[in-house]
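Asks: Have a look at this one before I ask anything.
The values are calculated or read from the model by the stated rules, or taken from the named source; none is laboratory data. Just so you know, these numbers come straight off a predicted model, no measurement behind them. Cβ atoms come from the backbone with ideal geometry, glycine included; neighbour counts cover every protein chain shown.
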Amino acid sequence: MKFKKTYSYALWSAVYLTLLSVAISTISYFFIVKHLGISTVIISIIVLFLISFFIIQYRAEHFIYRRLKKIYEEVSILDINDLRRDSVTTDIEKLSKRMEKYVEGKRLEIKNLTERDSFRRDFLGNVAHELKTPLFTVQGYILTLIEGAANDKEIRTKYLERANKGVERLVAVTKDLDMIAKLETDGLKINIEVFNILELIQNVFDLFEMKAKKRNIILKFDKIYEFPVFVNGDIEKIEQVLINLIVNSIKYGKPNGTTIVGVDNYNKNKFIIKVIDNGEGVQQKHIPRLFERFYRVDQSRSREQGGSGLGLSIVKHIVEAHDESILIKSVYGKGSEFSFTMEKAK
């Protein structure tokens, strides 16, 4: 049976004190008591106490120092050079705080790794699903044509058009995946320049005017702007942000509805650009996850509308690459407001 290290420490301390006490008692009996009297015995006891105190203190510090030194050598986050022998009695609290910090860091690291692993599995599953659906669609139409439907001109044209839509969706998913990969690995190179944000918004309106008309959705500004509004940013990247937000408002807005875009002062250095629709809105439970890759509020309806499911994730990356913020307000059943800040041009 092995003794605890503290038992060994206590044992040797007791041995030293016992030997010292015996030696002093013997000396006192033969020399001090007979010749010097009781007062000298009292002094001897005091001397014994002081000597015992210093012996115990020395051994305690030595014991603690050796144990701390071993811990410092074995734990990677601790530097042995930080350990001073003259401060071992106070270093225990310091060591405890460091160890608590170390344990908390490891706990967070494990939590992050677990979340990443879960995210990786979800991501791979979503990618597989997004690619599988159009691939099977294209394959089905092509096989039907090979098996004889190609001889019928009307069926051939219809099936080829549907297959082409599947290919377009594959291309869209692939492009967005490529952009996400570049954003997260190489970072996003921003070419800052001064431009008129109102003109850029109008260009996006013109680009998607026909798409909006198919659902009888009106694209308009929130008011008449008498003067240009100049901002600093990457005009191509901000155009991509506006495209994604406005296309989403068209896809998920109510037929015969409106998409309104406005530019307001956010503070003395920034504007805020708002894209507002009167569609179905988003339930509060979904809002924290809206900018995740492939996250969809309504799986069936979202896939019917097309798209890669990466649009809002790309928007978030671009806005944050400008050191700006993206915000969302939504009331379920009434509509949504997506907004982002932009730096004012000097």
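Asks: Going by the structure shown, is Asp298 under 20 Å from Lys334 (Cβ atoms), acidic (Asp, Glu) and modelled with pLDDT under 90?
Replies: It is true that Asp298 is under 20 Å from Lys334 (Cβ atoms), acidic (Asp, Glu) and modelled with pLDDT under 90.
Asks: Pick from Arg116, Arg98: which is at pLDDT below 80 and either farther than 30 Å from Arg289 by Cβ or over 37 Å from the mean Cα position of the chain (by Cα) (or both)? Full working, then the answer.
Replies: Working: Arg116 fails: either farther than 30 Å from Arg289 by Cβ or over 37 Å from the mean Cα position of the chain (by Cα) (or both).
Selected residue: Arg98, the only one of Arg116, Arg98 that is at pLDDT below 80 and either farther than 30 Å from Arg289 by Cβ or over 37 Å from the mean Cα position of the chain (by Cα) (or both).
Asks: Moving on. Looking only at residues that are β-branched (Val, Ile, Thr) and within 29 Å of the chain's Cα centre (by Cα) in the stretch 246-257, which one is modelled with the highest pLDDT?
Replies: Of the stretch 246-257, the ones β-branched (Val, Ile, Thr) are 246-247, 250.
Keeping just the survivors that are within 29 Å of the chain's Cα centre (by Cα) gives 246-247.
Working: Ile246: 93, Val247: 90.
Out of the qualifying residues, it is Ile246.
Asks: Here's something else I'd like to know. If we keep just the residues of the stretch 332-346 that are touching a Gly at 6+ places or on another chain (Cβ under 8 Å) and part of a loop (DSSP other than H, G, I, E, B), which is surrounded by the most Cβ atoms within 10 Å (Cβ to Cβ)?
Replies: Tyr332
Per-residue answers, yes or no, for (1) more than 30 Å from Ile146 (Cβ to Cβ); (2) surrounded by fewer than 19 Cβ atoms within 10 Å (Cβ to Cβ); (3) within 29 Å of the chain's Cα centre (by Cα); (4) of a type in the set (A, V, I, L, M, F, W, C):
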{"residue": "Val173", "(1), (2), (3), (4)": "no, no, yes, yes"}
{"residue": "Leu177", "(1), (2), (3), (4)": "no, yes, yes, yes"}
{"residue": "Val194", "(1), (2), (3), (4)": "yes, yes, no, yes"}
{"residue": "Leu198", "(1), (2), (3), (4)": "yes, yes, no, yes"}
{"residue": "Ala212", "(1), (2), (3), (4)": "yes, no, no, yes"}
{"residue": "Ile217", "(1), (2), (3), (4)": "yes, no, no, yes"}
{"residue": "Phe221", "(1), (2), (3), (4)": "yes, yes, no, yes"}
{"residue": "Phe230", "(1), (2), (3), (4)": "yes, yes, no, yes"}
{"residue": "Thr259", "(1), (2), (3), (4)": "yes, no, no, no"}
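Asks: In the stretch 201-210, which residue that is closer than 13 Å to Leu242 by Cα and either outside the structural domain of Ser339 (by TED's automatic domain parsing) or of a type outside the set (A, V, I, L, M, F, W, C) (or both) is surrounded by the fewest Cβ atoms within 10 Å (Cβ to Cβ)?
Replies: Restricting to residues being closer than 13 Å to Leu242 by Cα and either outside the structural domain of Ser339 (by TED's automatic domain parsing) or of a type outside the set (A, V, I, L, M, F, W, C) (or both), the top hit is Asp206.
Asks: Among the helices (runs of 4 or more DSSP H) confined wholly to the stretch 144-246, which include 2 or more residues that are of a type in the set (Ser, Thr, Tyr) and under 24 Å from Ile328 (Cα atoms)?
Replies: Qualifying helices (runs of 4 or more DSSP H): none found.
Asks: Condition test on Ala181, is it within 26 Å of Lys237 (Cα to Cα) and modelled with pLDDT under 80?
Replies: yes
Asks: Follow-up. Can you confirm whether the stretch 154-161 contains a residue that is in contact with a Phe, Trp or Tyr (Cβ under 6 Å, 6 or more places away or on another chain), modelled with pLDDT of 75 or more and not charged (D, E, K, R)?
Replies: There is at least one residue in the stretch 154-161 that is in contact with a Phe, Trp or Tyr (Cβ under 6 Å, 6 or more places away or on another chain), modelled with pLDDT of 75 or more and not charged (D, E, K, R).
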